[in-house]
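Take a look at the structure set out below.
The values are calculated or read from the model by the stated rules, or taken from the named source; none is laboratory data. None of these values were measured; they are calculated from a predicted model. Here the Cβ positions follow ideal geometry from the backbone for every residue, glycine too, while neighbour counts run over all protein chains shown. Just so you know, the surface numbers come from the protein's heavy atoms only, side chains and all, with ligands and any DNA or RNA stripped out. Shrake-Rupley method; radii C 1.70, N 1.55, O 1.52, S 1.80 Å.
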Amino acid sequence: QVQLVESGGGSVHAGGSLRLSCAVSGGFFSTYALGWFRQAPGKEREYIAAIAWQFDTTYYSDSMKGRITISMDNSKNTLFLQMNSLVPEDTAVYYCAAGPYSRERLWGNYWGQGTRVTVSS
């Protein structure tokens, strides 16, 4: 089983930055991609980013494109999400996920517990 543990969330003012981390362990399959989702209170889960080395590509949602960068440190088995120019609408719990990738979609077979991000005005 793949295990994912997020960290790096916290509270920032609008315009600030955060870097989220996701430690990956367990039986990770090389064919799986990694990515990030978020869920604000009372809203549906939103797919925001993925990195798929199988296709040498990354994906970013329209809502956050240009403000976030997804990356992977293979030596530390850690996935990152750098977030800049944050706005209050970015307030949510952020989850990392692992699974198959196709048609620019990441199918989350495995999930972390989430890390909370709060952006104040």
- [ ] Give a residue-ordered list of calculated ³J(HN,Hα) values for region 77-83 (Karplus: 6.51 cos²θ - 1.76 cosθ + 1.60, θ = phi - 60°; whole Hz; x for Gly, Pro).
- [x] 6, 10, 9, 10, 9, 7, 10
TODO: Could you let me know the centre-to-centre spacing of region 105-121 and region 1-65, using Cα atoms, in angstrom?
DONE: 6 Å
Task: In Å², nearest 10: area of Glu46 left accessible to a 1.4 Å probe - done: 60 Å²
Open item on the list: If R₀ is 35 angstrom, what is the calculated FRET efficiency for the pair Arg67 and Asn109, using the beta carbon separation as r and rounding to 0.05?
Closed with: 0.80
- [ ] In debye, nearest 20, what is the charge dipole magnitude of region 39-121 about its Cα centre with +1 on Lys and Arg Cβ and -1 on Asp and Glu Cβ, if you could check?
- [x] 120 debye
Task: Inter-site label distance for Gln54 and Thr31 at 7 Å from Cα along Cβ, in nm - done: 0.7 nm
TODO: Using a 1.4 angstrom probe, figure out how much accessible area the chain has per residue, in square angstrom, rounded to the nearest whole.
DONE: 54 Å²
Open item on the list: Once neighbouring chains are kept in place and the probe is 1.4 Å, which whole percent of the accessible area of region 1-80 is contributed by carbon and sulfur?
Closed with: 47 percent
